[in-house]
1. What's the Cα-based Rg to Rh of the stretch 185-254, Rh via Kirkwood?
2. What is the projected area of the convex hull of the Cα atoms of the stretch 229-269, averaged over all directions, in nm²?
3. Please compute the modelled spin-label separation between residue 45 and residue 244, points set 7 Å along Cα→Cβ, answer in nm with one decimal.
4. Evaluate the distance, in nm, between pseudo-label points positioned 7 Å from the Cα of residue 272 and of residue 195 along their respective Cα→Cβ axes.
5. For the stretch 109-139, list residues with backbone N below 18 Å from a point placed 7 Å from the Cα of residue 5 toward its Cβ?
6. Set the Förster radius R0 to 35 Å, insert the Cβ-Cβ distance between residue 24 and residue 214 as r into 1/(1 + (r/R0)^6), and round the FRET efficiency to 0.05.
7. Please check which bits of the stretch 160-195 a label hung off residue 228 would reach, taking the label as a point 7 Å along Cα-to-C-beta and the cut-off as backbone N under 20 Å.
8. Would you please put 174-185, 259-270 in order of how densely packed they are, using the mean number of other Cβ atoms within 10 angstrom per residue and starting with the highest?
């Protein structure tokens, strides 16, 4: 392990255009290129190793994860690192020039740090319905950290020593939340770095948005069912999520991130549609678990 070296760990799957942009932006970091290494952990993308290496162009080390899942793929990346600091992000992230510098500075005051995740749209000021929804509700990392004790892995800084003590990411669950809650449970301090800004593209349409939330619903259910009275709690939670449309409507109307009443109406429509579908997916998960139990 090399001291004073930051290892940027990026999982990747079949997203060469965004990966190339992410690497371009990392080349412009204010900390200097010799201060960090980049590890690309590819989850066996069908595009193939040669195509990925053509995008990397020697700017990062490529490792291959053969087990499907973001958690496992991040762990494979960690195993290839040399630095004493780990900085996790996604392959479609867009770090500001001082992102690493600001995140590392905050790590001097906390054990685990998350930055501000900016939601980027394809046409700023003219969002689609899905983008308008995400501008209000996606990546509210300050609240996640200060109220829920986790940071998204699109922006997570931690020392390698602490990561090893907490343990690797789990697979097939919301690995960022589960890992951070483990760290919090062990007494490690989570902090928010507002000056560490990293962009993440908004989901562009309903297909992308529902794919994201079906995955999150499945992963959240897997965490809930491990708790005492987990299925009952999950049932109650699913209805709370739906009824929260009422107070969340005010958040949309007050949002400064979504310009104009027409765009706010798009966001509200997507909010209602998604919350209804989340209720249905949640009940499907309960029924599937019940049916599985009866079959056994």
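1. Numbers: Rg = 16.3 Å, Rh = 15.6 Å.
Taking Rh as the inverse mean 1/r over Cα pairs, Rg/Rh reads 1.05.
2. Numbers: hull surface 13.5 nm².
Here the figure is 3.4 nm², rounded to one decimal.
3. So the two model labels end up 3.3 nm from each other.
4. 4.4
5. none
6. On the way: r = 32 Å, r/R0 = 0.90.
Result of the calculation: an efficiency of 0.65.
7. Those under the cut-off are 182, 185-186.
8. Numbers: 174-185: 20.0, 259-270: 16.9.
Per-residue Cβ counts within 10 Å, averaged per peptide and sorted highest first, yield 174-185, 259-270.
Every read-out reported here was derived from the displayed coordinates using simple, explicitly stated rules and does not represent laboratory data. Owing to the predicted nature of the structure, the values given are computational and were not obtained by experimental measurement. With ideal geometry, Cβ positions are generated from the backbone for all residues, glycine too; neighbour counts draw on all protein chains shown.
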